[in-house]
Amino acid sequence: MVSRVIPVEPFDLVIFGATGDLARRKILPGLYRRFCDGQMPAEACIIGAARSEQDSAAWQAQVIEAIETFVPAAKRDATSLNAFCARLAYVAVDAQGERGWADLAARMRADRVQAFYFSVAPSLFGALAERLHHFNIARQDARIVVEKPFGRDLETARALNATLAAHFHETQIYRIDHYLGKETVQNLMAVRFGNTLFEPLWNAQYVDHVQITVAEEVGVGGRGAYYDTSGAMRDMVQNHLMQLLCLTAMEPPARFDPDAVRDEKLKVIRALDPVAPAQIVRGQYQAGVQPAYLVDVENPVSRTESFIAMKLHIANWRWSGTPFYLRTGKRMKARKSEIVIHFKKPPHSIFDADAGGRANVLSIRLQPDEGIDLRVTIKEPGPGGMRLIDVPLDMSFAEALGPEAADVPDAYERLIMDVIRGNQTLFMRGDEVEAAWGWTDPIIAAWEAKGDRPLPYAPGSTGPEEAAIMLHRDGRRWREI
Ligand code: NAP
């Protein structure tokens with residue numbers, strides 16, 4: 001397979017928060033990989049901005065250290081690292097003050113695509129937008145990339161949308177959800193809308209139910225204080241799982257263009273039935289008598305959930321009667337993200353009752369091993385009569401597409417290149433984010449009013465037993481994690 005790398009237009013990309021964790025781990029290593037792939041034109045310039053006083057050489061040394069840490073040795077070399085660093089400049093800028101803005105303005109060139117990545121705390125998004133405008137730095141066609149979390153409820157999301165809208169048009173705002181940059185997530189659209197095979201079956205008549213799982217092995221790590229004010233609902237369900245649900249359930253857009261796709265996703269969120277508390281299991285990981293989550297977040301009375309399993313209904317013609325089960329948690333048995341379509345069994349079996357055979361299952365794996373797997377029923381080989389077994393038609397990208405599949409761009413690098421190209425398809429629109437909060441808010445409000453403790457679950461497990469019971473009651477089972 002030969003991958004086609006199309007260089008983007010010359011650009012000036014300003015990374016606010018250039019010394020932070022996200023810039024070190026994802027943004028700069030990703031840009032380096034794009035550079036090595038020849039996607040960055042010679043005139044491209046990356047400008048790091050943060051409060052720390054330092055010169056470009058000092059920042060370049062930090063970037064080299066980050067790339068040496070986060071890009072495997074086989075994928076980097078001193079020559080390309082030095083050439084990449086020649087594209088990097090640093091400006092000390094205070095998002096909340098006057099310092100540095102004139103320097104930044106002087107560095108921006110008129111004939112380049114302009115992009116500003118807000119990789120800073122969300123409380124600074126408004127201040128950055130205001131100053132880019134006030135100091136006359138951002139042109140009418142400049143793009144801003146806004147990190148998550150985008151608000152913590154409908155009210156704050158609306159306020160943030162209004163602040164950004166005061167200075168930037170919606171077509172300039174790129175709200176990032178890195179799940180949308182994953183190869184398999186885009187493949188979900190290719191599989192659905194690039195084949196005639198699946199779409200006719202993609203509805204309540206043929207689909208028994210859908211499971212979407214995003215399980216993490218890690219706990220809250222160093223983000224304990226932040227996570228405890230957020231929880232699985234705000235941190236994962238409102239954005240990542242909701243986006244996966246939308247792409248799975250949406251109607252075919254007329255065109256693969258940003259607003260056509262986002263209009264269809266929005267319709268899914270708006271068609272979601274409210275969820276009754278009995279349809280949700282909230283959990284918090286604990287270890288024996290030691291409540292591990294509470295230790296991790298240093299809050300002995302925390303009632304924040306680190307696990308959620310829920311059953312959703314989409315009230316439209318396509319999905320009426322087909323439940324969507326969503327599940328996400330920290331400190332789970334394994335790291336696994338997948339969307340699984342469980343089809344119905346054939347309406348009538350012509351084989352003996354004991355012949356076996358299962359319903360078809362299509363799974364779209366996001367991690368760890370991105371790929372698509374379809375389980376189909378065949379006859380068990382051999383002379384044992386007509387016995388049915390199900391076998392995988394497995395397309396692991398790594399196997400099917402060869403070694404280059406391992407080189408598919410990371411979600412962040414793909415999304416940054418989309419920003420430079422001016423393609424918003426894989427970014428959330430303001431009304432989508434608000435609709436998602438509008439659906440989530442009443443659930444969170446009901447929990448807060450009740451004040452219940454989440455159910456305990458052991459680290460390394462699949463979550464509280466009640467999550468399994470929820471599916472058993474419906475005569476179904478969760479997929480293995
Ligand atoms: P971080 O490690 O705390 O870095 C924050 C950055 O902002 C630093 O470069 C800091 O540098 C700069 N900064 C702070 N105050 C500033 C000011 N007044 N003016 C200019 N720069 C300022 O944060 P992070 O983890 O990289 O996260 C950045 C954003 O990405 C946040 O919105 C976060 O929610 C989001 N995010 C992060 C991750 C992740 O894995 N880290 C994942 C998803 C989303 P100085 O102190 O030198 O100014």
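The values are calculated or read from the model by the stated rules, or taken from the named source; none is laboratory data. Since we're looking at a predicted model, the values are computed, not measured. Positions of Cβ are generated from backbone atoms using ideal geometry, with glycine treated the same way; all protein chains shown enter the neighbour counts. Please note that ligands, DNA and RNA were not included when accessible areas were found on the heavy atoms of the full protein model with its side chains. Shrake-Rupley method; radii C 1.70, N 1.55, O 1.52, S 1.80 Å.
Would you check if Ile364 is under 35 Å from the mean Cα position of the chain (by Cα), surrounded by 19 or more Cβ atoms within 10 Å (Cβ to Cβ) and either over 15 Å from Leu393 (Cα atoms) or at pLDDT 95 or above (or both)?
Answer is no for this residue.
Give me the pairs: first residue in segment 71-100 and within 30 Å of Ala127 (Cβ to Cβ) and aliphatic (A, V, I, L, M), second residue open to solvent by less than 10 Å² (accessible area, probe 1.4 Å) and near the ligand (Cβ under 10 Å from one of its atoms), beta-carbon distance under 6 Å, and six or more apart or on different chains, which are they?
Val91/Ala49; Val93/Ala49; Ala95/Leu128
Could you list, in sequence order, the residues of segment 210-235 that are open to solvent by 10 Å² or more (accessible area, probe 1.4 Å) and within 14 Å of the ligand (Cβ to nearest atom)?
Once the filter is applied, which keeps residues that are open to solvent by 10 Å² or more (accessible area, probe 1.4 Å) and within 14 Å of the ligand (Cβ to nearest atom), segment 210-235 yields Glu216, Val218, Gly221, Gly222, Arg223, Ala225, Tyr226, Thr229, Ser230, Arg234.
Can you say whether Val120 is near the ligand (Cβ under 8 Å from one of its atoms) and either in contact with a Lys or Arg (Cβ under 8 Å, 6 or more places away or on another chain) or open to solvent by less than 10 Å² (accessible area, probe 1.4 Å) (or both), as far as the supplied structure shows?
No: the conditions fail for Val120.
Specify which of the listed residues (Ala166, Ala78, Ala110) is over 24 Å from the mean Cα position of the chain (by Cα) and not assigned by TED's automatic domain parsing to the domain that holds Arg24. Show your work before the answer.
Values: Ala78 fails: not assigned by TED's automatic domain parsing to the domain that holds Arg24; Ala110 fails: not assigned by TED's automatic domain parsing to the domain that holds Arg24.
It is Ala166.
Between a residue in segment 218-231 that is among the β-branched types (Val, Ile, Thr) and any residue that is open to solvent by 10 Å² or more (accessible area, probe 1.4 Å) and assigned to a helix (DSSP H, G or I), which pairs come within a Cβ distance under 7 Å, given they are 6 or more apart or on different chains?
Val220/Asp296
From the list Glu251, Glu298, which one is outside any strand (DSSP E or B) and on the phi < 0 side of the Ramachandran plot?
Values: Glu298 fails: on the phi < 0 side of the Ramachandran plot.
Testing whether each residue is outside any strand (DSSP E or B) and on the phi < 0 side of the Ramachandran plot leaves just Glu251.
Residue by residue, here is whether (1) assigned to a strand (DSSP E or B); (2) open to solvent by 40 Å² or more (accessible area, probe 1.4 Å); (3) within 13 Å of the ligand (Cβ to nearest atom) holds:
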{"residue": "Gln96", "(1), (2), (3)": "no, yes, yes"}
{"residue": "Arg99", "(1), (2), (3)": "no, yes, yes"}
{"residue": "Asp111", "(1), (2), (3)": "no, yes, no"}
{"residue": "Ala115", "(1), (2), (3)": "yes, no, no"}
{"residue": "Ala127", "(1), (2), (3)": "no, no, yes"}
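Taking the conditions exactly as written (in contact with a Ser or Thr (Cβ under 6 Å, 6 or more places away or on another chain) and crowded, with 19+ Cβ neighbours inside 10 Å), does Ala23 satisfy them or not?
Answer is yes for this residue.
Can you name the residue in segment 13-53 that is away from the ligand (no atom under 14 Å from the Cβ) and under 23 Å from the mean Cα position of the chain (by Cα) and is also nearest to Asp111 (Cα to Cα) among such residues?
Step by step, filter segment 13-53, then rank; the result is Leu13.
I'm checking my understanding of the structure. Among residues of segment 163-181 that are charged (D, E, K, R) and under 20 Å from Ala127 (Cα atoms), which one is surrounded by the fewest Cβ atoms within 10 Å (Cβ to Cβ)?
Result: Glu170.
Please find, within segment 252-300, the residue that is farthest from Trp447 (Cα to Cα) out of those that are modelled with pLDDT of 95 or more, touching a helix residue (DSSP H, G or I) at 6+ places or on another chain (Cβ under 8 Å) and open to solvent by 70 Å² or more (accessible area, probe 1.4 Å).
Ranking the candidates gives Ala254 first.
Identify all residues within segment 129-152 that are more than 9 Å from the ligand (Cβ to nearest atom) and open to solvent by 20 Å² or more (accessible area, probe 1.4 Å); write none if there are none.
Of everything in segment 129-152, those that are more than 9 Å from the ligand (Cβ to nearest atom) and open to solvent by 20 Å² or more (accessible area, probe 1.4 Å) turn out to be Glu130, Arg131, His133, His134, Phe135, Asn136, Ala138, Arg139, Gln140, Asp141, Arg143, Arg152.
Output the number of residues of segment 432-454 satisfying the condition of being open to solvent by 60 Å² or more (accessible area, probe 1.4 Å) and either within 30 Å of Asp259 (Cβ to Cβ) or not charged (D, E, K, R) (or both).
Taking segment 432-454 as the starting set, the residues that turn out to be open to solvent by 60 Å² or more (accessible area, probe 1.4 Å) are 442, 448-450, 452-453.
Those still in the list that are either within 30 Å of Asp259 (Cβ to Cβ) or not charged (D, E, K, R) (or both) too: 442, 449.
Final tally of qualifying residues: 2.
Restricting to segment 434-476, count the residues that are at pLDDT 95 or above, outside any helix (DSSP H, G or I) and among the charged types (D, E, K, R).
2
Kindly evaluate Gln62 against the criterion of being over 28 Å from Arg152 (Cα atoms), open to solvent by 60 Å² or more (accessible area, probe 1.4 Å), within 12 Å of the ligand (Cβ to nearest atom) and polar (S, T, N, Q).
yes
Test each condition in (1) surrounded by fewer than 17 Cβ atoms within 10 Å (Cβ to Cβ); (2) closer than 24 Å to Val8 by Cα for Glu68 and report the one that comes out false.
(2)
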